[in-house]
Amino acid sequence: MNEITQSTPEKDDCNMAMLAHLLGIFTGFLGALVIWLVKKDSSAYVAQEAAEALNFQITVLIGYVICGVLTFILIGLIAFPLLYVVNIVFCLLGAVAASKGTGYRYPFIVRLIK
């Protein structure tokens, strides 16, 4: 009687979680923040994925600020495009995982939102 049943999220929840990851490419942290605020009480899966995407975008924003400071010594000119490509790649990986209904954990991020 103490069986653990693992349920897969509904397709609408998967789509919202995928959207939370993809919006990071275009809107930064704002898209994931809106989805997290709207869905945090109604869907645990979407809230978890949107929080993960939000944490990643906050980390990327911190990276952009650091790159901006490092532009004065010319390192930032190389780091800006590199950070942009990393953002796109990880957002796409997160979106693919979320569309399948599996959770995605970004590596090397500051987890501020739980």
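See the values below:
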{"read-out": "Hits in the stretch 51-105 (condition: outside any helix (DSSP H, G or I), without any contact (Cβ under 8 Å) to a residue 12 or more places away in the chain and not β-branched (Val, Ile, Thr))", "value": "Leu74"}
{"read-out": "In the stretch 77-114, the residues that are among the aromatic types (Phe, Trp, Tyr) and closer than 16 Å to Gly28 by Cβ", "value": "Phe80, Tyr84, Phe90, Tyr106"}
{"read-out": "When residues of the stretch 50-67 are limited to those that are buried (at least 20 other Cβ atoms within 10 Å of the Cβ) and among the aliphatic types (A, V, I, L, M), the one nearest to Ile35 (Cα to Cα)", "value": "Ala50"}
{"read-out": "Selection from the stretch 87-114 of residues that are in contact with a Ser or Thr (Cβ under 7 Å, 6 or more places away or on another chain) and either modelled with pLDDT of 90 or more or at positive phi (or both)", "value": "Gly101"}
{"read-out": "Hey, Tyr84 aromatic (Phe, Trp, Tyr) and either buried (at least 17 other Cβ atoms within 10 Å of the Cβ) or at positive phi (or both) or not", "value": "no"}
{"read-out": "Filtered residues of the stretch 29-50 (kept if assigned to a helix (DSSP H, G or I) and of a type in the set (D, E, K, R))", "value": "Lys39, Glu49"}
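The values are calculated or read from the model by the stated rules, or taken from the named source; none is laboratory data. The structure presented is a predicted model; accordingly, all values stated were derived computationally and were not measured. Cβ atoms come from the backbone with ideal geometry, glycine included; neighbour counts cover every protein chain shown.
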